Structures are given as C-alpha cells and as structure tokens.
Amino acid sequence: MGSISRRMKYDFKAARQRREQLVVLYRAGRRLDPDNSEWGWDLVAQIEEIDREIEEAHAKRAAGQGDSLEKQFENVIIPIIPAWGSWSKGAGEDADD
C-alpha cells in the first residue's frame, strides 16, 4: 500500500492498482461462496484503508502542503547578491588623465 511521507511523493498509481487487485479478489471469492456473509471482511477493510489514504493524499495536495521536499521549497526566493569585491577601485571611474 502507498503511504504519505514528508520526503516521498504519494504513489496514487500503485495505491489504485493494489485497490483494484483487492476488489478482484473480493469479487472472485463472493462468486465462489455468495452465502458466506463473513468472508472477505479483511479485504473490505484493506480496500477502505486504501480509499482513506487516497482521500488524505488528495486533501493534502489540495491544501498545498505538498507531497515532497521539492514541493515545500518550490516558492523560495533566492536573493541575488552582487559581487562588489570583484571591481578594482579605479576600474569603474572615468579616466580623464
């Protein structure tokens, strides 16, 4: 299953693929034994957990919290500091000699 970390981006594709696998397993089991009401509760719990993770990741993305360090530092302003020491004292003055 996917997870949310401060350093890693949430993998929506992997989470949806895992969810689809669990749904296929659940449906196949239901077809084999439709009368057993207790079968598949663990698969349903895992499917619901993945759904919650996906919703949480979408909410964090929409809130602008981001999924990675790159997202957090995307709007950092880097000041441009001129290199004043590179000019010699007389190089910028007009030479009227």
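The values are calculated or read from the model by the stated rules, or taken from the named source; none is laboratory data. Quick caveat: nothing in here was measured; it's all calculated off a predicted structure. Cβ: placed from backbone, ideal geometry, glycine included. Neighbour counts: every protein chain shown.
In segment 57-65 there is at least one residue matching the filter, namely being at pLDDT below 85 and among the polar types (S, T, N, Q). If I filter segment 45-56 down to residues being under 17 Å from the mean Cα position of the chain (by Cα) and among the β-branched types (Val, Ile, Thr), which single residue comes out as modelled with the highest pLDDT? Step by step, filter segment 45-56, then rank; the result is Ile50. Annotation: of all residues in segment 25-44 being surrounded by fewer than 11 Cβ atoms within 10 Å (Cβ to Cβ) and assigned to a helix (DSSP H, G or I), the one that is nearest to the chain's Cα centre (by Cα) is Asp42.
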